[in-house]
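Below you'll find the structure, written out as structure tokens, and then a few comments.
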Amino acid sequence: KRYLRFHKHSVDGDKARLHILNKLVEQGQLFLYQQDISKLVQNGHAFDSLICALTAYYKELGETEPRPESFPKTESWIEIPL
């Protein structure tokens, strides 16, 4: 989670994105070719799109934090993978 705070920074943001992608690959969450990793590290918008797609996938699998029952129904809930 520490690296997620810095993935948008202009300084060392690329290192944070690379670390996150390597962890996802190591954990078996993703399979990525090296050229794809390079593009995702260089392009923050592409990286954000990948994270959004993964989050949607985890939501479909039921692997995101549940919305608390006390959370207002009229408010938006942001999905967070477990």
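When you go through LEU30, LEU40 one by one, which is the residue that is under 22 Å from LEU82 (Cα atoms) and open to solvent by less than 60 Å² (accessible area, probe 1.4 Å)? It would help to see each step written out before you state the result.
On the way: LEU40 fails: under 22 Å from LEU82 (Cα atoms).
Criteria check complete, one pass: LEU30.
State whether the residues of the range 62-75 include one that is assigned to a helix (DSSP H, G or I) and open to solvent by less than 100 Å² (accessible area, probe 1.4 Å).
So the first thing to find is which residues in the range 62-75 are assigned to a helix (DSSP H, G or I), and the list is none.
No: the range 62-75 contains no residue that is assigned to a helix (DSSP H, G or I) and open to solvent by less than 100 Å² (accessible area, probe 1.4 Å).
Taking LEU40 and the conditions (1) in contact with a Lys or Arg (Cβ under 7 Å, 6 or more places away or on another chain); (2) in contact (Cβ under 8 Å) with a residue 24 or more places away in the chain, which numbered condition does it fall short on, given that it satisfies the others?
(2)
With the structure loaded, tell me whether HIS45 is modelled with pLDDT of 90 or more and either open to solvent by 80 Å² or more (accessible area, probe 1.4 Å) or in a loop (DSSP other than H, G, I, E, B) (or both) or whether it fails that test.
Yes; evaluated as a whole, the condition is true for this residue.
So, in the range 48-61, how many residues would count as being aromatic (Phe, Trp, Tyr) and open to solvent by 60 Å² or more (accessible area, probe 1.4 Å)?
1
Pairs only if they're at least six apart or on different chains, beta carbon under 9 angstrom, first in the range 50-65 and without any contact (Cβ under 8 Å) to a residue 40 or more places away in the chain, second among the polar types (S, T, N, Q) and outside any helix (DSSP H, G or I); list them, first residue then second.
Within 9 Å, the pairs are LEU54/GLN29; THR55/THR64; TYR58/THR64.
The values are calculated or read from the model by the stated rules, or taken from the named source; none is laboratory data. Computed from a predicted structure; not experimentally measured. Quick reminder, even Gly has a Cβ in these numbers, built from the backbone with ideal geometry, and neighbours come from all protein chains shown. Please note that ligands, DNA and RNA were not included when accessible areas were found on the heavy atoms of the full protein model with its side chains. Shrake-Rupley method; radii C 1.70, N 1.55, O 1.52, S 1.80 Å.
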